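Below is one structure, written out as structure tokens; the observations come after it.
The values are calculated or read from the model by the stated rules, or taken from the named source; none is laboratory data. From a predicted model like this one, the values you see are computed outputs, not experimental measurements. Because the Cβ atoms are built from the backbone with ideal geometry, glycine has one as well, and the counts that use them run over all protein chains shown. The protein model used for the area step is the full one, side chains on, heavy atoms only, and it has no ligands, DNA or RNA in it. Shrake-Rupley method; radii C 1.70, N 1.55, O 1.52, S 1.80 Å.
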Amino acid sequence: MTLSKDVEYQAPTTTPITSAGIPPYAGSVDYSSSLEQMEGVFQAVEPPRRSTSRLILHSMVMFGREFCYAVEAAFVTPVLLSVGLPKSLYSLVWLISPILGFILQPVVGSASDHCRSRWGRRRPYILALGILMVVGMTLYLNGDTAVTAIFQESSSAEKRTWAIVITMLGVVAFDFAADFIDGPIKAYLFDVCSHQDKERGLHYHALLTGLGGALGYLTGAIDWGSTFFGRLMGSEFQVMFFFSASVFLMFLVVHLCSIPENPLEEKTPETKLLKHDVLATYGSIENNNLKKKESRIRTLSHTEGDEDDDTEVQKRMTLKSLIRALLTMPSHYRYLCVSHLIGWTAFLSNMLFFTDYMGQIVYHGNPYAPHNSTAYMIYERGVEVGCWGMCINAISSSIYSYLQKALLPCIGLKGLYFIGYLLFGLGTGFIGLFPNVYSTLVLCSLFGVMSSTLYTVPFNLISEYHREEEGEAQLDRKMRTVNRGKGIDCAALTCMVQLAQIIVGGGLGFLVSLAGSVVVVVISASSVSLIGCCFVAVFVRYVE
């Protein structure tokens, strides 16, 4: 992979482009015109190259997001257990958010492709989801304290009920927004960057994701209750809220101001989504009347008139039509989504319960014991050491994200994908079989390989698929420009994260009850990951 110099420059000056993406004189163009004229249209809309500093600033939001994710992973389970959440409701917390996300992700992905805000298509959604993340953190990290202050004269049972409700709402809101925001961020990167910069940007995303997670877990591993900040703010939960909210909001602002985003009116047909297509392929909305659909087929000389059709299509968008579009995606997109689902199922099975696994299995603590008992203090110690393990995971993720650039020319995307699943499967398997403190901390470094793989390789493949389709469109003069927007492709991929959470939330609780031990969590993660090795090697298509 060749990295550009740290200089941002504009694309060469080309013929002026209208709002429909066609030069003013395009009315005289027909399909018998030369291929060079066709290629000129595509070259004119290539985004300018971005400097390294711009790409890093654009990636800073991933640092803040992963910092908050680390805080959630480290503290949500202890928080929920400390407020007295019944075991029967524990799985429900992890099910509500992904179910909402799985249903709404395609809708928001396609809606962002059509957003006509003067601020751009993606940034309004990123800002709204970022605010929701902060609200969720506020509720689940401060809910118990707020309830105690507000309901001072209420009974302990009433306080407990309100604390559980507020904490659950906070977890659901945060988890929903944090998962949801990844799709618009990736689509924003794809919209404003050239193909080479997309690859560089994804690597910076993964690098800063790892660094943010490392700092988040490192912060969570510190006993803030006995420090000046803990005494000032009341508890370590309030300290973590202050740090996580401050870091995320600061980097969210940096991200939104990093690279200008043009409104949809200034975009070209290649970046528009859900136009009618003769084949009604993935990302398009099928027309109930085939004759009407055929009548909308335009030559390049009539492309400006398609904007009215887009508006009409947008008004008819429904969840049913979007689900139909997702179900009719090309096979290589479908296999990529399935592989992403397998990977995230394995990864989340381990990560969501890792600190609890450390506290109960490795340290033999008891989260349900009285808070002043030795068993509960041992459990807390295990949670703190688990945070150190997650910190090791995040650091290794950053290092591996950097090494990926050197490994890519040697083993390609297929090799990177396969190695990520294989190492994670082996690492979690050994942790489940040999629950030792030191070996577990060492093997946590393999988690980072999987994390970096899931954040980069699938989106690199999406970018390669789009590039291949655009190349085919340039070679075929009678083929219309690529009408599928990148927003719904990223949304379809990130939908698999929500589906994985549904599987984990609904299935692991049953397995733990059946086995009587949380050891089954890491064993399941290992088994699923090793199955994923075979799948990515056999079914996923890699662009040469």
Query - Test for residue 400: is it surrounded by 19 or more Cβ atoms within 10 Å (Cβ to Cβ) and of a type outside the set (Lys, Arg) - result: yes
Query raised in the report: When you look at residue 444, is it within 25 Å of residue 525 (Cα to Cα), in contact with a helix residue (DSSP H, G or I) (Cβ under 9 Å, 6 or more places away or on another chain), assigned to a helix (DSSP H, G or I) and at pLDDT below 90, yes or no?
Result: no
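Any chance the range 293-309 includes a residue that's within 31 Å of the chain's Cα centre (by Cα) and modelled with pLDDT of 50 or more?
Taking the range 293-309 first, the residues within 31 Å of the chain's Cα centre (by Cα) are 307.
This time we only want the ones that are modelled with pLDDT of 50 or more, so: none.
The answer is no, given that none of the residues of the range 293-309 is within 31 Å of the chain's Cα centre (by Cα) and modelled with pLDDT of 50 or more.
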Query raised in the report: Which of the helices (runs of 4 or more DSSP H) contained wholly in the range 1-116 include at least 2 residues that are modelled with pLDDT of 70 or more?
Result: 52-82, 87-114
Query raised in the report: Can you name the residue in the range 131-164 that is free of Cβ contacts under 8 Å to residues at least 24 places away in the same chain and closer than 10 Å to residue 83 by Cα and is also most open to solvent (accessible area, probe 1.4 Å) among such residues?
Result: 162
Query raised in the report: Going by the structure shown, is residue 453 closer than 23 Å to residue 333 by Cβ, part of a helix (DSSP H, G or I), at pLDDT 90 or above and polar (S, T, N, Q)?
Result: yes
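One line per residue, one yes/no per condition, for (1) free of Cβ contacts under 8 Å to residues at least 24 places away in the same chain; (2) in a helix (DSSP H, G or I); (3) more than 20 Å from residue 433 (Cα to Cα):
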| site | (1), (2), (3) |
| --- | --- |
| 358 | no, yes, no |
| 369 | yes, no, yes |
| 376 | yes, yes, yes |
| 381 | yes, yes, yes |
| 385 | no, yes, no |
| 390 | no, yes, no |
| 395 | no, yes, yes |
| 398 | no, yes, yes |
| 401 | no, yes, yes |
Query raised in the report: In the range 495-541, which residue that is open to solvent by 40 Å² or more (accessible area, probe 1.4 Å) and in a loop (DSSP other than H, G, I, E, B) is farthest from residue 93 (Cα to Cα)?
Result: 541
Query raised in the report: Is it true that some residue in the range 180-201 is under 25 Å from residue 384 (Cβ atoms) and open to solvent by 10 Å² or more (accessible area, probe 1.4 Å)?
Result: no
Report summary line: Every listed condition ((1) open to solvent by 20 Å² or more (accessible area, probe 1.4 Å); (2) of a type outside the set (D, E, K, R); (3) within 21 Å of residue 82 (Cα to Cα)) holds for residue 385 save (1)
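Take the residues in the range 473-505 that are modelled with pLDDT of 80 or more, of a type in the set (A, V, I, L, M) and within 13 Å of the chain's Cα centre (by Cα), then tell me which one is farthest from residue 455 (Cα to Cα).
Once the filter is applied, the top-ranked residue is 499.
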Query raised in the report: Would you pick out the residues in the range 215-242 that are open to solvent by 10 Å² or more (accessible area, probe 1.4 Å), assigned to a helix (DSSP H, G or I) and of a type in the set (A, V, I, L, M, F, W, C)?
Result: 215, 218, 224, 228, 229, 232, 233, 237, 241, 242
